[in-house]
Amino acid sequence: MGLFSKKGTADTNYLGVDIGGSSIKLVELTNNNGRAQLVTYGYLERSLSGEGSKLIDQPEKTAEMIKKVLERSKVITKRAITALPAPAVFSSIISLSEISKKDLASPKKVTAAVEWEAKKVLPLPLEEMILDWKVIGNEDILKEDKGAKGDGAKIKNLQVLLTGAAKEVVQKYIQIFKKAGLDLISLETESFALARSMVGKDKSVVVLVDIGAVGTDISVVENAIPLLNRSLGVGGLSITNEISKTLNISIEQAEQFKRDLASNPEALGEGKTLPEIIERPIQSIIDEIEYTKNFYLEQPDNKGKKIERIVLSGGTASLFNLSEYFTDKLGIRSFIGNPWARIIYPQDLEPILESIGPRLATSIGLAMRDIE
Ligand SMILES: Nc1ncnc2c1ncn2[C@@H]1O[C@H](COP(=O)(O)OP(=O)(O)OP(=O)(O)O)[C@@H](O)[C@H]1O
Ligand SMILES: [Mg+2]
């Protein structure tokens, strides 16, 4: 789903750029006969102290950071795709009641109908937002709606997934990419990029959980579409802060402690999957997943459905034993996803790509956008 996109050129390379709370990550892919092939990747972390405001509010600095990674990673293409962070995106399923089969072929009519319904739910005036939408299960609806005979017949409650972002936020991204010397060909939402790299064409119901530095984004994906999205401000930094406070050590030491858990069995405690000191922030993530899952399954259209699996991404997905802990607590098979699954890459890079995969999942999904 693109909040805007430009027509392609002869260039077959695409650069996915993920501007995260703690780092900038990018992946360049090329179209190799319809399959995505890795060209290069790179990332740059910000200092741990966080330096106050968000990267997106510091266009000069962020553009400089992007330029640095571009140079270091020897990126070839200028064609970039980026994602708006999940909390900056409004998304909702709306229902169009007065649309006919014939109208579906007319973008103008659908736009008018969507905007009419959107006005009722948007957090900002329509004029201040950029909208995009996707009809969900369109073909099935047309097939199943036996009552609707002929083109003029109305379709009952056509379900549309609406996404929107403030024009002001979108402008900030456009500005940053211009300063970085890149051609921003499309801007989409993080959850769509993640669904592409982590779920692909699989039709089952999957919960994606991206745990970054400043936050966690949860999406329920069905038929490869992120239908329900929720975010919370708990991530890797919350865990580091908790360790630093409890053990009375510096943030840097706490960060190291967290990353070294695998080689520090004493930190875990007898029979424990995770050290007790970090169970609290993790529990708030688990509660939010539980809530999101139940909310989804309680919708009338979702009765009888089942969550097949929980797929983790983001840097904090690498926290030692986290996926096992989720499986245990949530009772649903949870594991770290492999965003490289459908990408061609040199075999000798496999170990390093596997370890960095969870952090690059969004950038990979972005770069895949116009290839598959
Ligand atoms: N091995 C590891 N174990 C635990 N945590 C890790 C490990 N490696 C990285 N992290 C954590 O991952 C986080 C960074 O992840 P990521 O790059 O996905 O975040 P981001 O995209 O910059 O932030 P956000 O998505 O919240 O905006 C940091 O908090 C870091 O401490
Ligand atoms: Mg992130």
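A single member of Val206, Val221, Val234 is more than 30 Å from Lys109 (Cα to Cα), more than 16 Å from ligand 2 (Cβ to nearest atom) and not aromatic (Phe, Trp, Tyr), and it is Val206.
Of note, Phe192 satisfies the criterion of being within 16 Å of ligand 2 (Cβ to nearest atom) and either hydroxyl-bearing (Ser, Thr, Tyr) or outside any loop (DSSP other than H, G, I, E, B) (or both). Annotation: of all residues in the stretch 309-328 being more than 13 Å from ligand 1 (Cβ to nearest atom) and in a helix (DSSP H, G or I), the one that is surrounded by the most Cβ atoms within 10 Å (Cβ to Cβ) is Phe326.
Just one of (1) under 28 Å from Ala88 (Cα atoms); (2) away from ligand 2 (no atom under 16 Å from the Cβ) fails for Ile239. It is (2). Screening the stretch 84-169 for strands (runs of 3 or more DSSP E) wholly inside it with 1 or more residues that are modelled with pLDDT under 90, closer than 29 Å to Ser186 by Cα and among the polar types (S, T, N, Q) returns the ranges 90-96, 158-166. Is there a residue being within 16 Å of ligand 2 (Cβ to nearest atom), under 28 Å from Gln283 (Cα atoms), buried (at least 21 other Cβ atoms within 10 Å of the Cβ) and under 16 Å from the mean Cα position of the chain (by Cα) anywhere in the stretch 173-188? The answer is no, given that none of the residues of the stretch 173-188 is within 16 Å of ligand 2 (Cβ to nearest atom), under 28 Å from Gln283 (Cα atoms), buried (at least 21 other Cβ atoms within 10 Å of the Cβ) and under 16 Å from the mean Cα position of the chain (by Cα). Say we look at the stretch 197-232 and pick out the residues that are more than 16 Å from ligand 1 (Cβ to nearest atom) and β-branched (Val, Ile, Thr); which of these is modelled with the lowest pLDDT? Within the stretch 197-232, the match that is modelled with the lowest pLDDT is Ile225. Only a single criterion out of (1) at pLDDT 90 or above; (2) within 16 Å of ligand 2 (Cβ to nearest atom); (3) surrounded by fewer than 17 Cβ atoms within 10 Å (Cβ to Cβ) is not satisfied by Lys54, namely (1). Taking first residues from the stretch 186-214 that are touching a residue at least 60 places away in the same chain (Cβ under 8 Å) and of a type in the set (Asp, Glu) and partners that are within 14 Å of ligand 2 (Cβ to nearest atom) and part of a loop (DSSP other than H, G, I, E, B), the Cβ contacts under 7 Å between residues at least 6 apart in sequence or on separate chains come to Glu190/Pro85; Asp210/Gly314.
Just one of the listed residues (Ile352, Ile356) is closer than 23 Å to Thr240 by Cα, in the same structural domain as Asn32 (by TED's automatic domain parsing), among the β-branched types (Val, Ile, Thr) and within 16 Å of ligand 1 (Cβ to nearest atom), namely Ile356. Does Ala262 count as small (Gly, Ala, Ser) and either buried (at least 16 other Cβ atoms within 10 Å of the Cβ) or within 30 Å of Leu161 (Cβ to Cβ) (or both)? It is false that Ala262 is small (Gly, Ala, Ser) and either buried (at least 16 other Cβ atoms within 10 Å of the Cβ) or within 30 Å of Leu161 (Cβ to Cβ) (or both). A single entry from Ser231, Ser197, Ser219 fulfils the requirement of being surrounded by 23 or more Cβ atoms within 10 Å (Cβ to Cβ), among the hydroxyl-bearing types (Ser, Thr, Tyr) and closer than 22 Å to Leu131 by Cβ: Ser219.
So which residues in the stretch 172-196 are away from ligand 1 (no atom under 16 Å from the Cβ), at pLDDT 95 or above and of a type outside the set (A, V, I, L, M, F, W, C)? Matches in the stretch 172-196: Gln175, Lys178, Lys179, Gly181, Asp183, Arg196.
The values are calculated or read from the model by the stated rules, or taken from the named source; none is laboratory data. Remember, it's a predicted structure, so these values are computed and weren't measured experimentally. Virtual Cβ from ideal backbone geometry, glycine too; neighbours counted across all protein chains shown.
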